[in-house]
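Following: one structure in structure tokens, then a few remarks.
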Amino acid sequence: MRRQSLLLTLSMLMASGSALASHHPVNLITDGSISGNFLLRYEGVEEQNLREDGEAMTFRTRLDINSGRFHGVSFHTTLESSTNAFGYSEYSVDPVGYNPGEYSVIPDPEHSEVDQGYIQYRNGKFNLKAGRHVIVLNNQRHLGHVAWRNDRQTFDAVSVDYQLNNNLDVSYSVINKRNRIFADVADVESDDRVFNIGLLAFGGQFQAYGIELSDDAQQLDTYGISFKKSFTANRLKWRYFVDVATQESTSGAGYFVTDYGLATLGVTWGYLDLDVGFESLGSDLGQGSFATPLATLHIFNGLADKFLTTPTLGLEDTHVSVSLPVNRGKFTVAYHDYQTAYASPLVNDLGSEVNVQYLRKLGRKYKFGFKYADYTAGDIKEDTEKFWVWLARDF
């Protein structure tokens, strides 16, 4: 069994909150704060396969407890709980053994856990976190918090961030456990390294990054660079983003080298936002493909989540979206066309998808939204429809 980090053990004790804080100067308590949110969400899934249609109504609660600071030291704990509501529980979560193979999968198991529990030291432009916490890299394509799901992804890690000057900052994380979105059952002990260098130059922002993932099943090393910029021309607000990376994978399936690329272009014209993009997750001659197992996958390759695992032939996603304000909210329609990155005689067309989304704030505390995804299968997979509607409240 892997040796547990002393810092991690210490940070888990912070979950008890008041017991530890009582041994620190009084401002750690008096300057503290408590906040949180409730989320009530319905999700329905219909797939053209042998599983029954899935339905879930879940109620999630998060409670954030922050201490004050003493000589730059503070403590943070997030408690998280999710339960089924109003009898809507006909869905499967295969990794945790909940109705396995019976209904369409909705990955929101009932759970209660310490979502975050860490000690933090901040001194000017230097920041250190030790314990269980959220780690986000750039646009979350390679590493994210998966906050869309009820059991947010966090990591048991030590993370350091330092801003050298106004234009340059660096960050580095050492991870020894991945707390996945399936409660405790699918958590993975690991030996991961993540670094990022951010540079402001040429009117935009460069990011050079590396993600070295290692667990009992796989070694996955990813290195890349991205650049984003926004500007105004002819009364139009333009923005673009480019990201390229290479990846080496070693596992029981063999050794593969693959590439990644993403290019997006957006423009705002009055109240209308238009975005077009092309993303390629490459394949090594059809033997293995570019993988992003720790990404916030729901915001990439369509809301239907049909490509949470990249097909071995790779994936090319050409997409376009249009957004505009409607009734004090934001309405968005998107279209995706999917192809393989490496064509084979039998598989090339991976289908297409239409997404519809509406988000609106209701006063200062509430948020309302609904989403719909309609995926039409190509040479593989199955036609799928998904629908969500939710109400959230902050406190």
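The values are calculated or read from the model by the stated rules, or taken from the named source; none is laboratory data. These numbers come from a predicted model, not from an experiment. So basically every Cβ, Gly included, is an ideal-geometry build from the backbone, and we count neighbours across all protein chains shown. Accessible surface is based on the protein model in full, side chains and every heavy atom, while ligands, DNA and RNA are left aside. Shrake-Rupley method; radii C 1.70, N 1.55, O 1.52, S 1.80 Å.
Among the residues of the stretch 312-357, count how many are surrounded by 19 or more Cβ atoms within 10 Å (Cβ to Cβ) and touching a Leu at 6+ places or on another chain (Cβ under 7 Å).
9
What number of residues within the stretch 82-123 satisfy the criterion of being under 19 Å from Glu47 (Cβ atoms), of a type in the set (Ser, Thr, Tyr) and open to solvent by less than 30 Å² (accessible area, probe 1.4 Å)?
Here the count works out to 3.
Mind checking which residues of the stretch 48-62 are touching a residue at least 40 places away in the same chain (Cβ under 8 Å), open to solvent by 30 Å² or more (accessible area, probe 1.4 Å) and of a type outside the set (Asp, Glu)?
Once the filter is applied, which keeps residues that are touching a residue at least 40 places away in the same chain (Cβ under 8 Å), open to solvent by 30 Å² or more (accessible area, probe 1.4 Å) and of a type outside the set (Asp, Glu), the stretch 48-62 yields Gln48, Asn49, Arg51.
Taking into account only those residues within the stretch 251-266 that are at pLDDT 95 or above and farther than 19 Å from Gln140 by Cβ, which is most open to solvent (accessible area, probe 1.4 Å)?
First, pick out the residues of the stretch 251-266 that are at pLDDT 95 or above: 255-266.
From what is left, the residues that are farther than 19 Å from Gln140 by Cβ are 255-259, 265.
Values: Tyr255: 128, Phe256: 28, Val257: 64, Thr258: 7, Asp259: 93, Leu265: 77 Å².
Ranking the candidates gives Tyr255 first.
Going through the stretch 200-242 one residue at a time, which ones are of a type in the set (D, E, K, R) and either part of a strand (DSSP E or B) or touching a helix residue (DSSP H, G or I) at 6+ places or on another chain (Cβ under 8 Å) (or both)? Show your work before the answer.
Start the filter on the stretch 200-242 by keeping residues that are of a type in the set (D, E, K, R), which leaves 212, 215-216, 221, 228-229, 235, 237, 239.
Correct list: Glu212, Asp221, Lys228, Lys229, Lys237, Arg239.
Please state which of the following conditions Tyr118 fails to meet, knowing it meets all the rest: (1) within 21 Å of Thr83 (Cβ to Cβ); (2) touching a residue at least 60 places away in the same chain (Cβ under 8 Å).
(1)
Report yes if some residue within the stretch 74-81 is touching a strand residue (DSSP E or B) at 6+ places or on another chain (Cβ under 9 Å) and surrounded by fewer than 16 Cβ atoms within 10 Å (Cβ to Cβ); otherwise report no. Show your work before the answer.
Within the stretch 74-81, the subset touching a strand residue (DSSP E or B) at 6+ places or on another chain (Cβ under 9 Å) is 74-81.
Narrowing the set further to residues that are surrounded by fewer than 16 Cβ atoms within 10 Å (Cβ to Cβ) leaves none.
Scanning the stretch 74-81, I find no residue that is touching a strand residue (DSSP E or B) at 6+ places or on another chain (Cβ under 9 Å) and surrounded by fewer than 16 Cβ atoms within 10 Å (Cβ to Cβ), so the answer is no.
Evaluate the following for Ala245: is it part of a strand (DSSP E or B), open to solvent by less than 60 Å² (accessible area, probe 1.4 Å), among the aliphatic types (A, V, I, L, M) and more than 28 Å from Thr232 (Cα to Cα)? Show your work before the answer.
On the way: part of a strand (DSSP E or B): yes; open to solvent by less than 60 Å² (accessible area, probe 1.4 Å): yes; among the aliphatic types (A, V, I, L, M): yes; more than 28 Å from Thr232 (Cα to Cα): yes.
Criteria met by Ala245.
Just checking, does the stretch 365-377 include any residue being surrounded by 15 or more Cβ atoms within 10 Å (Cβ to Cβ) and not in a strand (DSSP E or B)?
yes
Filter the stretch 276-308 down to the residues that are in contact with a Leu (Cβ under 9 Å, 6 or more places away or on another chain), of a type in the set (Val, Ile, Thr) and open to solvent by 30 Å² or more (accessible area, probe 1.4 Å) and list them by number.
Selection gives Val276 alone.
Which of the residues that make up the stretch 172-199 are of a type in the set (Lys, Arg) and assigned to a loop (DSSP other than H, G, I, E, B)?
Filtering the stretch 172-199 down to residues of a type in the set (Lys, Arg) leaves 177-178, 180, 193.
Answer for the stretch 172-199, where residues must be of a type in the set (Lys, Arg) and assigned to a loop (DSSP other than H, G, I, E, B): just Arg180.
In the stretch 144-163, is there at least one residue being among the aliphatic types (A, V, I, L, M), touching a helix residue (DSSP H, G or I) at 6+ places or on another chain (Cβ under 8 Å) and outside any strand (DSSP E or B)?
Looking for residues that are among the aliphatic types (A, V, I, L, M), touching a helix residue (DSSP H, G or I) at 6+ places or on another chain (Cβ under 8 Å) and outside any strand (DSSP E or B), one finds at least one in the stretch 144-163, hence yes.
Considering only residues that are of a type in the set (A, V, I, L, M, F, W, C) and surrounded by 15 or more Cβ atoms within 10 Å (Cβ to Cβ), look in the stretch 160-185 and name the one that is farthest from Pro95 (Cα to Cα).
Val170
Filtering the stretch 124-149 down to residues that are under 18 Å from Thr222 (Cβ atoms) and aliphatic (A, V, I, L, M), which residue is surrounded by the most Cβ atoms within 10 Å (Cβ to Cβ)?
Leu143
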